1. Sorted by average packing, counted as other Cβ atoms within 10 angstrom per residue and highest first, what order do B:139-150, B:37-48 take?
2. Let me check I've understood the local charge: for B:LEU169, count other residues with C-beta under 15 angstrom from its C-beta, Lys and Arg +1, Asp and Glu -1. What total comes out?
3. Total Lys pairs in chain B closer than 25 Å by alpha-carbon, pairs eight or more apart in sequence or interchain only?
4. Where the convex hull is taken over the Cα atoms of the stretch B:68-155, what is its projected area averaged over directions, in nm²?
5. Report the charge-dipole magnitude of the stretch B:45-216 in Debye, nearest 20, computed about the Cα centre from +1 at each Lys and Arg Cβ and -1 at each Asp and Glu Cβ.
6. Considering the options B:LEU159, B:LEU125, B:ASN148, tell which one lies farthest towards the positive end of the dipole of chain B, charges being +1 on Lys and Arg and -1 on Asp and Glu at the Cβ, about the Cα centre.
7. Give me the inter-chain shielding for B:29-42: mean count of other chain Cβ atoms within 10 Å, whole number please.
8. Apply the Kirkwood formula to the protein assembly as shown: the hydrodynamic radius equals the inverse of the mean of 1/r over all pairs of different alpha-carbon atoms; give it in Å with one decimal.
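No lab work stands behind these numbers, since they all come straight from the coordinates. Since the structure is predicted, the reported quantities are computational estimates derived from the model, not experimental observations. Please note: Cβ atoms are built from the backbone with ideal geometry, for glycine as well, and neighbour counts cover all protein chains shown.
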Amino acid sequence: MRKILLILCLFCSLNVLAQEKQEITQQDYANQQVEMADRFRADGKIYVVVGVIGLILGGLLTYAVIIDRKVSRLENLVENRSSKHLVG
Amino acid sequence: MEKLKKHWWKVLAALLLFYTVIAGLLMDAPRLHILNETIRALHFHVPMWFGMLALLLLSVVYAVKYLRSGELRHDRYAVEFANAGLIFGILGIVTGMFWAHYTWGKFWSFDPKQNMSAIALLIYLAYFVLRGSFEDDHQRARISSVYNIFAFAAMVPLLFILPRLTSSLHPGNGGNPGFNAYDLDSNLRMVFYPAVIGWFLLGLWFASLRVRLRLVQDKLEDNL
C-alpha cells in the first residue's frame with residue numbers, strides 16, 4: 001500500500017516539473033518578421049548548396065560501398081585460406 | 001537480387017540520407033526568432049544523439065551477451081558499436097557547440113545539457129582507456145563489458161534526466177519552453193524521423209565494417 005502511495009506521489013511531482021512546450025503553429029510559417037533566406041531561395045541558389053552536399057554525400061556513400069566490397073573479398077580470402085591450407 | 005536482400009538496409013540508409021539533405025534544406029520550415037534558418041540543423045544535430053544512443057544500446061546488449069556466453073566475438077561487436085557511438089556523440093557535441101555559437105551566443109555556455117553530455121562522453125572515453133590496459137583478451141572483454149553496462153546506466157540520466165531538472169538553454173529542458181524533439185510540428189517531423197533512421201543506419205554500416213575487419217583479424221591471428 002505504501003509503495004502504491006509513493007508511486008502516486010511521484011506522479012504528482014511530474015506535474016510540477018512538466019515543461020511548457022511551445023507549439024509550432026501555422027502562424028510561425030507565415031511570420032514574415034523573422035528573417036529567413038527567402039531571397040537566396042528565390043534566386044535558386046539553394047539548389048547549388050543542395051547539389052554540392054548531395055554530390056559529396058553520394059561520393060562518401062560510394063566510398064563506403066567500395067570499402068564494404070573490399071571487406072567481403074577479404075572475408076572470402078580468409079575463409080578459403082583457413083579451409084584449405086596456409087599460403088603466404 | 002540476393003545481394004539486395006542482404007544489403008537492403010544500406011540502400012535504405014543512402015536513400016534516407018539523400019532525402020534528409022534535399023528535403024531538410026528545401027522544405028518549408030517554421031520561421032522562428034533567433035533560430036531562423038538554423039532550425040534545419042535539427043535534422044543533422046539531433047540524429048547524432050539518437051544514433052549514438054542506439055549504437056551504445058547495441059554495444060551494451062553485446063556486452064551482456066559476452067558476459068553470458070564468454071565468446072570473444074560478442075566483445076568485438078560491443079567495442080565497435082561503442083566506437084561508432086562515440087563518434088556520433090563527438091559529432092553531436094561539436095555540432096551542438098557550433099549551433100550554440102549562433103543561437104546561445106557562445107560555443108560553450110556551461111549549460112547543464114552541454115556539461116552532462118561532455119561527462120557522458122568522457123565516461124565512454126574511459127571505456128577505451130580501460131580496454132587498452134589489459135593484455136589478456138578475455139580479461140579485457142570481461143572487465144570492459146561490466147564497465148560498459150555501468151557507462152550506459154550513467155549516460156542515460158546524464159543526458160535525459162539531470163538536464164531536465166535544472167534550467168537549461170537547450171530546448172525541451174528545465175524551464176526552457178523551446179521546441180521539443182518529440183512534439184515537433186508535422187512538417188519538421190516528416191524529415192526528422194527519416195533523418196534519425198538514416199543516420200543511425202549509416203552508423204550501423206560503419207560499425208559492421210569494423211566488426212567484420214576485426215573478425216577477419218581474429219581469424220588470421222588464430223591461424224598464424
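1. Numbers: B:139-150: 17.9, B:37-48: 20.0.
Answer by packing, highest mean first, reads B:37-48, B:139-150.
2. On the way: positive: B:LYS106, B:LYS113, B:ARG164; negative: B:ASP111.
Charge balance in the 15 Å sphere: +2.
3. Lysine pairs meeting the criterion: 4.
4. Working: hull surface 23.8 nm².
So the Cα hull casts an average projection of 6.0 nm².
5. Details: 14 positive and 9 negative charges, 47 e Å.
That gives a dipole near 220 debye.
6. Farthest towards the positive pole: B:ASN148.
7. On the way: counts 4, 10, 12, 6, 5, 1, 2, 4, 8, 0, 3, 0, 0, 0.
So the per-residue partner count for this stretch is 4.
8. Numbers: mean 1/r = 0.0451 Å⁻¹.
For the protein assembly as shown, the Kirkwood estimate is 22.2 Å.
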